[in-house]
Amino acid sequence: MNVLILGSGGREHALSWKIAQSPLCKSIYVAPGNPGTAEFAQNQNLDVNDFEAIAQFVVSKQIDLLIVGPEDPLVHGLVDFLKENPDTASLRTIGPTRAGAMLEGSKDFAKQFMKEEGIPTAAYLSVTQSNLNEGLAFLQQLNAPYVLKADGLAAGKGVLILDKLEEAEEALKEMLDGKFGAASKTVVVEEFLDGIECSVFVLTDGKSYLMLPEAKDYKRIGEGDTGLNTGGMGAISPVPFATPDFLKRVEKEIVAPTLKGLKSRRIDYRGFIFFGLMKVGEQPYVIEYNVRMGDPETEAVLPRIESDLLKHLLACSEQSLENESLRIDMRTCATLMIVSGGYPGSYEKGKGILLPFTPQYSVLFHAGTGVDAGKLVTKGGRVIAVSSLADDLPAALKASYRLAQEVQFEGKYFRNDIGQDLLHEDENRS
Ligand code: AMP
Ligand code: GLY
């Protein structure tokens, strides 16, 4: 089977690393890919939003399965485009059509969807210029802190959490005035949920689904969850507080009604759904949907999948997922993201990277690396993800931290407290 994966980050390195291990995989292409994926796949310099070029490549390389890593092409209708094009209409794809991608592409759509399906989520009001006064009145009814979300895609920056009512009122007006361009023409004003976050991933063919291992992401740049939001500074899987009872509740109250809602709207959804959850007491709430895998969660989740992911993906694209079952490694995976100094603000690129020898139960996934004059150099904010599997969380962290210390480039930074908040709970689990 010839597989094409779109994207260039740690998530796509992890996806291609796992898929390349499948006996079903004949050729694997990653577009545009990175120096890590180049070790076992063929990188192709394609823009993930250039639908024509993707269709041509699919035809010329006789691609059997396309896996879309990032959300952007999905929200802009790549899957619809390929289905409507006679040359690519029969291509198997992992990733929803434009209608399904609205779950991530529009927070207003996602909130309305959850409300209609009775899925637990924070109370909210969608605000535009035309109901600004109602929006301001809604803010006044809420308790601090105040959560404001740009409706559309805003490169992960569209959520503001503000402590003071006056700040929130001001920010709401600024957002409607175009602070995030067209993405904030509509703003979702939301109740703040005080709890603990985790991410649950599902692979669905629209009829049935597989629950992938869950993960906890560390979003802030600073230790103790301080400072600016990033794409993610580390991930742990499994999550000790996501107990079997809690996960059963997530399936019953969140996953099943989400799939029912997609079906009743006749949305053909074949791909991943990432449920960003907040656990408040024992109750799970949906904070957000994503229509793709998470990054760096993928780097912690995929090393725990023992069964053949490509076989599952193929079944997903052919709507025969009901015959599949996952085999999951019970060990813990700890992923640390090593980033460029200055990230998520401005940072320098082009710093030479030295990578250490990687022991058996660890993997170095490339995220923002490039090649300059034959040498590996930094090319992005998030540079390398280090993942290690071990019998328990302390051992997994120890292995990843040892390796992270040995990765060398000027200005490198990583958080020293990934997983620390879970150590106590991990002891209780074992
Ligand atoms: P989102 O892009 O929707 O995932 O939001 C970014 C981050 O903001 C989330 O990961 C949460 O940490 C936080 N957040 C979003 N919505 C809420 C909420 N209603 N209550 C508390 N925190 C929230
Ligand atoms: N790590 C969060 C995300 O992928 O959106």
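The values are calculated or read from the model by the stated rules, or taken from the named source; none is laboratory data. Note that the structure is predicted; figures quoted are calculated from it, not measured. Cβ: placed from backbone, ideal geometry, glycine included. Neighbour counts: every protein chain shown.
Taking the stated definitions as given, is Arg304 more than 27 Å from Phe414 (Cα to Cα), in contact (Cβ under 8 Å) with a residue 60 or more places away in the chain and out of contact with any Phe, Trp or Tyr (no Cβ under 6 Å at 6 or more places or on another chain)? For Arg304, the condition - more than 27 Å from Phe414 (Cα to Cα), in contact (Cβ under 8 Å) with a residue 60 or more places away in the chain and out of contact with any Phe, Trp or Tyr (no Cβ under 6 Å at 6 or more places or on another chain) - is not met. In the range 83-107, of all residues being in a helix (DSSP H, G or I) and more than 23 Å from the chain's Cα centre (by Cα), the one that is surrounded by the fewest Cβ atoms within 10 Å (Cβ to Cβ) corresponds to Glu84. Does the range 66-76 contain any residue that is hydrophobic (A, V, I, L, M, F, W, C), in contact with a Ser or Thr (Cβ under 6 Å, 6 or more places away or on another chain), part of a strand (DSSP E or B) and within 28 Å of Pro296 (Cβ to Cβ)? Looking for residues that are hydrophobic (A, V, I, L, M, F, W, C), in contact with a Ser or Thr (Cβ under 6 Å, 6 or more places away or on another chain), part of a strand (DSSP E or B) and within 28 Å of Pro296 (Cβ to Cβ), one finds at least one in the range 66-76, hence yes. Residues that are part of a loop (DSSP other than H, G, I, E, B) and out of contact with any helix residue (DSSP H, G or I) (no Cβ under 7 Å at 6 or more places or on another chain) within the range 154-171 comprise Ala155, Gly156, Lys157, Asp163, Lys164, listed in sequence order.
From Val147, Val159, which residue is in contact with an Asp or Glu (Cβ under 8 Å, 6 or more places away or on another chain), buried (at least 16 other Cβ atoms within 10 Å of the Cβ) and under 26 Å from Val239 (Cα atoms)? Lay out the reasoning, then the answer.
On the way: Val159 fails: in contact with an Asp or Glu (Cβ under 8 Å, 6 or more places away or on another chain).
Every option except Val147 fails the conditions.
One residue stands out among those in the range 291-325 that are crowded, with 19+ Cβ neighbours inside 10 Å and of a type in the set (S, T, N, Q): the one that is farthest from ligand 1 (Cβ to nearest atom), which is Ser317. Consider the range 209-237 and keep the residues that are of a type in the set (D, E, K, R), in a strand (DSSP E or B) and buried (at least 21 other Cβ atoms within 10 Å of the Cβ). The one that is nearest to ligand 2 (Cβ to nearest atom) is Asp217. In the range 1-27, the residues that are within 16 Å of ligand 2 (Cβ to nearest atom) form Cβ pairs under 8 Å with partners that are of a type in the set (D, E, K, R) and part of a strand (DSSP E or B), at six or more places apart or across chains, as follows: Gly9/Arg382; Gly10/Arg382.
Evaluating Ser387 against the criteria (1) touching a residue at least 40 places away in the same chain (Cβ under 8 Å); (2) in a loop (DSSP other than H, G, I, E, B) leaves one unmet condition, (2). If the condition is being closer than 30 Å to Leu314 by Cα, touching an Asp or Glu at 6+ places or on another chain (Cβ under 6 Å) and not small (Gly, Ala, Ser), then the range 174-209 contributes Cys198, Val200.
Residue-by-condition table, conditions (1) under 15 Å from Leu422 (Cβ atoms); (2) more than 18 Å from the chain's Cα centre (by Cα); (3) within 13 Å of ligand 1 (Cβ to nearest atom); (4) in the same structural domain as Glu71 (by TED's automatic domain parsing):
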site	(1), (2), (3), (4)
Ile221	no, no, no, no
Asp225	yes, yes, yes, no
Asn229	no, no, yes, no
Met233	yes, no, yes, no
Phe241	yes, yes, no, no
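Given the criterion assigned to a helix (DSSP H, G or I) and under 17 Å from Met114 (Cβ atoms), identify the matching residue among Leu259, Leu247, Leu193. Walk me through it before giving the result.
On the way: Leu247 fails: under 17 Å from Met114 (Cβ atoms); Leu193 fails: assigned to a helix (DSSP H, G or I).
Unique residue meeting the criteria: Leu259.
Restricting the range 253-285 to residues that are among the charged types (D, E, K, R) and farther than 24 Å from Ile94 by Cα, which is surrounded by the most Cβ atoms within 10 Å (Cβ to Cβ)? Per the criteria, the residue is Lys279.
Residue count for the range 116-150 under the criterion of being in a helix (DSSP H, G or I) and either assigned by TED's automatic domain parsing to the domain that holds Ile273 or away from ligand 1 (no atom under 14 Å from the Cβ) (or both): the result is 13. When restricted to residues that are of a type in the set (Lys, Arg) and more than 25 Å from Lys375 (Cα to Cα), the range 11-57 contains 2. Of the numbered criteria (1) outside any strand (DSSP E or B); (2) touching a residue at least 24 places away in the same chain (Cβ under 8 Å), the one Asp421 fails is (2). Please name all residue pairs, on different chains or six or more residues apart, with Cβ atoms under 7 Å, provided the first residue is in the range 262-282 and is farther than 24 Å from Thr298 by Cβ and the second residue is within 16 Å of ligand 1 (Cβ to nearest atom). Qualifying pairs under 7 Å: Val280/Leu193; Val280/Asp194; Val280/Gly195.
For the range 151-203, a residue qualifies if it is in contact (Cβ under 8 Å) with a residue 40 or more places away in the chain, small (Gly, Ala, Ser) and away from ligand 1 (no atom under 11 Å from the Cβ), and exactly one does: Gly152.
From Gly350, Gly341, which residue is at positive phi, more than 16 Å from ligand 1 (Cβ to nearest atom) and over 22 Å from the mean Cα position of the chain (by Cα)?
On the way: Gly341 fails: at positive phi.
Sole residue among the options that is at positive phi, more than 16 Å from ligand 1 (Cβ to nearest atom) and over 22 Å from the mean Cα position of the chain (by Cα): Gly350.
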